[in-house]
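The next block holds one structure in the form of structure tokens; read it before the comments.
Laboratory data are not the source of any read-out in this text; all were calculated from the coordinates shown. As the structure is a computational prediction, the values presented were derived from the model and not from experiment. Counting neighbours? That spans all protein chains shown, and the Cβs are built from the backbone with ideal geometry, glycine included.
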Amino acid sequence: MIERFFKIKERGSGVRTELIAGMTTFFAMVYILMVNANMFADPLGDGSNPLGVSYGAIYIAAAISAVVGTILFDSLPDAVRVAIPGGIGLFIALPGLQNAGIVVPSTSTCVDLASFNLLTRDWGSIMPLVVTLATFLAIVIMSHKKVRGAVLIGILGGVGLYYLLGLTVDGFYDSLQISVISPFQAFGEFTSQSLFAVLKSGFDFSA
């Protein structure tokens, strides 16, 4: 049934290939739901929430915008469609390196590379940097060798390595916090803070 509907073999692919590709795409982009939500709900990083929106509301808004963008992607010219992945990739590279702690602020050059010196920094602060670089190199090497699912393997392997090396950091698991938000709560917050707010007062960019 799947084959008849999508004509997978006719397009030179297979169900297994498409499943791996779909999972790779999902894991490579789903992070933006959490990043966007945290960026808008706590932009200053101090819990003050100056924008007055919740994590759940932004989480749902980001998901919906991704769905709409995906559905409308075929309406874009080929040149724009080809340029978008590279442009977005370059754009998110800097925030990604900043979140990983590899790129740090600098008063003279705005940005600088973090120190890996174990004489001045503790292993707990350097370990995430090592995992990030190891994961990146693993993905590059596997991609060069044309390993199927290289990105997916790299992401899952990097997560596993991070929590495995967490055993070498004192108090790593003590400070680990996992917060789970109910989908019903997230949709409720999105409806009240975004959808109904726009219908009631329109778009307000004064802030």
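Just to confirm a number: summing +1 for Lys and Arg and -1 for Asp and Glu over residues other than LYS9 whose beta-carbon lies under 14 angstrom from that of LYS9, what do you get? It would help to have the intermediate numbers written out before the result.
Details: positive: ARG4, LYS7, ARG11, ARG16; negative: GLU3, GLU10, GLU18.
Summing Lys/Arg as +1 and Asp/Glu as -1 gives +1.
Counting only complete DSSP H runs, which helices of the chain cover 27 Å or more along their long axis at the Cα atoms and score a mean Kyte-Doolittle of 0.0 or above? Provide the component values of the computation, followed by the final result.
Numbers: long enough: 78-100 (33 Å, 1.02); 123-144 (31 Å, 1.75).
The answer, listed by residue number, is 78-100, 123-144.
Extending each Cα 7 Å along its Cβ direction at ASP78 and CYS110, get the distance between those two points in nm, one decimal.
Placing both labels 7 Å along Cα→Cβ, they lie 3.5 nm apart.
If the chain between VAL159 and LEU94 were fully stretched, how many nm would it gain, using 0.36 nm times the residue separation less the Cα-Cα distance? Please list the in-between numbers first.
Working: separation 65, 0.36 × 65 = 23.40 nm, distance 2.01 nm.
My answer for the length gained is 21.4 nm.
Ordered by packing density, taken as the mean number of other Cβ atoms within 10 Å over each peptide's residues, highest first, how do 169-181, 9-21 rank? Present the calculation step by step, with values, prior to reporting the outcome.
Working: 169-181: 8.8, 9-21: 11.7.
Order by mean packing, descending: 9-21, 169-181.
Need one number for the chain: average projected area of the convex hull over its C-alpha atoms, nm². List each step's numbers first, then the result.
Details: hull surface 69.1 nm².
Approximately 17.3 nm², given one-decimal rounding.
Ranked from highest to lowest mean number of other Cβ atoms within 10 Å per residue, what is the order of the peptides 75-81, 22-28? List each step's numbers first, then the result.
Details: 75-81: 9.6, 22-28: 13.6.
Highest to lowest by the protection proxy: 22-28, 75-81.
Please go through the range 94-175 and write out the trypsin sites (Lys or Arg not before Pro) that DSSP classes as loop and that have at most 11 other C-beta atoms within 10 Å.
Details: sites: ARG121, LYS145, LYS146, ARG148; in loops: ARG121, LYS145, LYS146, ARG148.
Within the range 94-175, the qualifying trypsin sites (Lys or Arg not before Pro) (loop, at most 11 other Cβ atoms within 10 Å) are LYS145, LYS146.
Before anything else, pin down the relative contact order of the range 122-168: Cα pairs under 8 Å, at least 6 apart, normalised by residue count, whole percent.
In percent, rounded to a whole number, it is 44.
How far is the Cα center of the range 82-131 from the Cα center of the range 142-165, in Å?
19
May I ask you to evaluate 6.51 cos²θ - 1.76 cosθ + 1.60, the Karplus curve with θ = phi - 60°, for each residue of the range 193-203 and list the ³J(HN,Hα) values in order in whole Hz, giving x for glycine and proline?
Listing the rounded values in order: 8, 10, 5, 5, 5, 5, 5, 7, 10, x, 7 Hz.
Is there a quick way to get the dipole size of the chain? I mean about its Cα centre, with the Cβ of Lys and Arg at +1 and of Asp and Glu at -1; what is the value in debye to the nearest 20? Spell out each step's value before the answer.
Working: 11 positive and 13 negative charges, 194 e Å.
That gives a dipole near 940 debye.
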